[in-house]
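Engineer: Before anything else, here's the structure in question.
Nothing in this text is a laboratory measurement; each read-out follows from the coordinates by a stated rule. Not measured: the values here are computed from a predicted model. Note that each Cβ is placed from the backbone with ideal geometry, even for glycine, and that neighbours are counted across all protein chains shown.
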Amino acid sequence: MLRFHFENDRVRYIVSHAVSRMLLGQYLGAAPSSISFYRNEFGRPGLAPALSVPELTFNLSHTNRVGLLAVAADLTIGVDVEEVRPVEPGTVERYFSAKEQADLTTLTGADWLEGFYNCWTRKEAILKAEGIGLGVSLNSFDVSLRPNAQAAMLGVRVGSGLTSSWHLSELRPAFGIIGALATDAPPASVLCYRFAH
């Protein structure tokens with residue numbers, strides 16, 4: 001049973017999963033009430049085995065203001081979205097590779113913050129695509145982070161445990177929100193739809 005410390009967290013969970021059921025129901029031609037999920041041992045959600053369609057994959061991420069659902073055919077995917085806010089001291093040194101730390105030192109102000117969240121969301125999207133949570137160390141691979149640079153995986157160290165050379169796409173779902181999509185092959189296209197209430 002899921003427990004929430006804050007009412008807002010419970011509401012976000014309910015709304016994001018209800019919307020996911022509606023959208024996935026559209027893809028599957030099924031009633032939203034018939035869509036159910038399971039979680040693997042690392043917490044990655046998937047469609048319940050009775051509904052599972054091998055070629056359809058999805059991944060969900062949300063912040064206080066935005067929920068992001070990625071749906072794909074014949075691809076393994078992961079998605080992450082974060083609200084830009086101040087960064088706790090020590091986060092960069094703890095989670096980013098030496099190359100990424102060096103790249104960040106060349107940035108200042110708003111560019112530094114954007115670079116940080118570019119890096120963070122790209123790494124998280126890869127981990128979510130891998131489906132094993134923190135079973136892969138965040139500093140065992142490098143991603144691009146500079147503002148206006150192409151989203152890309154730049155390097156992987158031996159023994160990282162990654163199963164693919166992930167392809168990255170930058171997402172900007174709303175002002176002050178940075179996101180990333182990781183796929184195990186280059187997607188034919190990335191179409192984004194925005195729903196507001």
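Engineer: For residues in region 95-117 being hydroxyl-bearing (S, T, Y), under 22 Å from the mean Cα position of the chain (by Cα) and assigned to a helix (DSSP H, G or I), which is nearest to S144 (Cα to Cα)?
Structural biologist: Only one residue fits best here, namely Y117.
Engineer: Going through D80, D103, D111 one at a time, which residue ends up being among the acidic types (D, E), farther than 23 Å from G131 by Cα and buried (at least 18 other Cβ atoms within 10 Å of the Cβ)?
Structural biologist: Just a single option satisfies the conditions, and that option is D103.
Engineer: Residue pairs, Cβ under 6 Å, 6 or more apart or interchain, first in region 15-35 and without any contact (Cβ under 8 Å) to a residue 24 or more places away in the chain, second β-branched (V, I, T). List them.
Structural biologist: R21/I35; G25/I35
Engineer: Only one of these is in contact with a strand residue (DSSP E or B) (Cβ under 7 Å, 6 or more places away or on another chain), under 23 Å from F42 (Cβ atoms) and assigned to a strand (DSSP E or B): L168, L162. Name it.
Structural biologist: Matching residue, one of L168, L162: L168.
Engineer: Can you tell which of D80, D103 is under 18 Å from V190 (Cβ atoms) and either among the acidic types (D, E) or in contact with a helix residue (DSSP H, G or I) (Cβ under 6 Å, 6 or more places away or on another chain) (or both)?
Structural biologist: Result: D80 is the single residue among D80, D103 that is under 18 Å from V190 (Cβ atoms) and either among the acidic types (D, E) or in contact with a helix residue (DSSP H, G or I) (Cβ under 6 Å, 6 or more places away or on another chain) (or both).
Engineer: Of all residues in region 54-96, count the ones that are polar (S, T, N, Q) and touching a Lys or Arg at 6+ places or on another chain (Cβ under 8 Å).
Structural biologist: Number satisfying all stated conditions: 3.
Engineer: Filter region 28-50 for residues that are part of a loop (DSSP other than H, G, I, E, B) and either under 26 Å from P186 (Cα atoms) or among the charged types (D, E, K, R) (or both) and give the result.
Structural biologist: Of everything in region 28-50, those that are part of a loop (DSSP other than H, G, I, E, B) and either under 26 Å from P186 (Cα atoms) or among the charged types (D, E, K, R) (or both) turn out to be N40, E41, F42, G43, R44.
Engineer: Next question, about the same structure. Hey, does region 53-62 have a residue that's assigned to a loop (DSSP other than H, G, I, E, B) and not charged (D, E, K, R)?
Structural biologist: Yes, because at least one residue in region 53-62 is assigned to a loop (DSSP other than H, G, I, E, B) and not charged (D, E, K, R).
Engineer: If we scan region 115-138, do we find a residue that is surrounded by fewer than 19 Cβ atoms within 10 Å (Cβ to Cβ), out of contact with any Leu (no Cβ under 6 Å at 6 or more places or on another chain), over 23 Å from R39 (Cβ atoms) and touching a residue at least 40 places away in the same chain (Cβ under 8 Å)?
Structural biologist: no
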